[in-house]
1. Does any residue of the range 93-106 turn out to be closer than 21 Å to Gln2 by Cα, open to solvent by less than 30 Å² (accessible area, probe 1.4 Å) and either among the hydroxyl-bearing types (Ser, Thr, Tyr) or without any contact (Cβ under 8 Å) to a residue 60 or more places away in the chain (or both)?
2. Looking at (1) more than 22 Å from Ser82 (Cβ to Cβ); (2) open to solvent by 40 Å² or more (accessible area, probe 1.4 Å); (3) in contact with a helix residue (DSSP H, G or I) (Cβ under 6 Å, 6 or more places away or on another chain), which one does Phe59 not meet, given that it meets all the others?
3. Six or more apart or on different chains, Cβ atoms under 9 Å: show the pairs whose first residue is in the range 44-72 and of a type in the set (Phe, Trp, Tyr) and whose second is open to solvent by 90 Å² or more (accessible area, probe 1.4 Å).
4. Could you go through the range 77-87 and let me know if any residue there is within 28 Å of Arg5 (Cβ to Cβ) and out of contact with any helix residue (DSSP H, G or I) (no Cβ under 8 Å at 6 or more places or on another chain).
5. Need pairs with beta-carbon distance below 8 Å; first residue in contact (Cβ under 8 Å) with a residue 12 or more places away in the chain and within the range 6-29, second hydroxyl-bearing (Ser, Thr, Tyr) and exposed (fewer than 14 other Cβ atoms within 10 Å of the Cβ); sequence gap 6+ or separate chains.
6. Out of the residues in the range 64-91 that are closer than 20 Å to His43 by Cα and in contact with a Phe, Trp or Tyr (Cβ under 6 Å, 6 or more places away or on another chain), state the one that is least open to solvent (accessible area, probe 1.4 Å).
7. Please indicate, with yes or no, whether at least one residue in the range 63-71 is in a helix (DSSP H, G or I) and among the aromatic types (Phe, Trp, Tyr).
Amino acid sequence: MQLTRYNRTINPLIENSGGEGFETLAVIREPVSWLSSWYRYRHREDLIGHANSTRGITFDHFVTEYLNDKPLPYAKVGKQASYVFDGDGKRETTLLSRYENQDGLIEFLEQRLNMRITLPRLNISPEIETSLSPEIEARFRRERPLEFEAWEMAL
């Protein structure tokens, strides 16, 4: 759940019930890898002909469209930073974990929750080429710095 929605809906319920000291956790993926996963996931055969399909679109074009203020449906995937920062760019999420460190995340959650966790692998994206040109990557980094900042903060 995005941070703004959590702050608007869940956190008031917790506070009104006398809860305090709750921590929030976000799992952040390296930004280019994250977009690559979306691009590949939307390249699935069952999406052919759908507005979300990335068939016939290069990864560079997908990222360029993602960077638009109003991206087309296939590139409308939100922002990871919205799970970490408020609307003013202030970090509000307590704990950040890198997606790439699944073992560490599971170990942390098992210790905190005192239970065994087994995560099945779901929503597997097709394996296709997703190299990004240096120019488009530089634009991505320049126009969405909070995406990279969130990932750098994660442990």
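1. Yes, the range 93-106 has at least one match.
2. Against the list (1) more than 22 Å from Ser82 (Cβ to Cβ); (2) open to solvent by 40 Å² or more (accessible area, probe 1.4 Å); (3) in contact with a helix residue (DSSP H, G or I) (Cβ under 6 Å, 6 or more places away or on another chain), Phe59 comes up short only on (2).
3. Once the first residue is of a type in the set (Phe, Trp, Tyr) and sits in the range 44-72, its partners that are open to solvent by 90 Å² or more (accessible area, probe 1.4 Å) give Phe59/Glu129; Tyr66/Lys76.
4. yes
5. Sorted first by the residue in the range 6-29, then by its partner, the pairs are Glu23/Thr94; Thr24/Thr94; Leu25/Thr94.
6. Ala75
7. Yes.
The values are calculated or read from the model by the stated rules, or taken from the named source; none is laboratory data. Since this is a predicted model, take the numbers as computed values, not measurements. A quick note on method: Cβ atoms are made from the backbone with ideal geometry, for glycine too, and the neighbour counts reach across all protein chains shown. Surface accessibility is based on the protein's heavy atoms, side chains included, excluding ligands, DNA and RNA. Shrake-Rupley method; radii C 1.70, N 1.55, O 1.52, S 1.80 Å.
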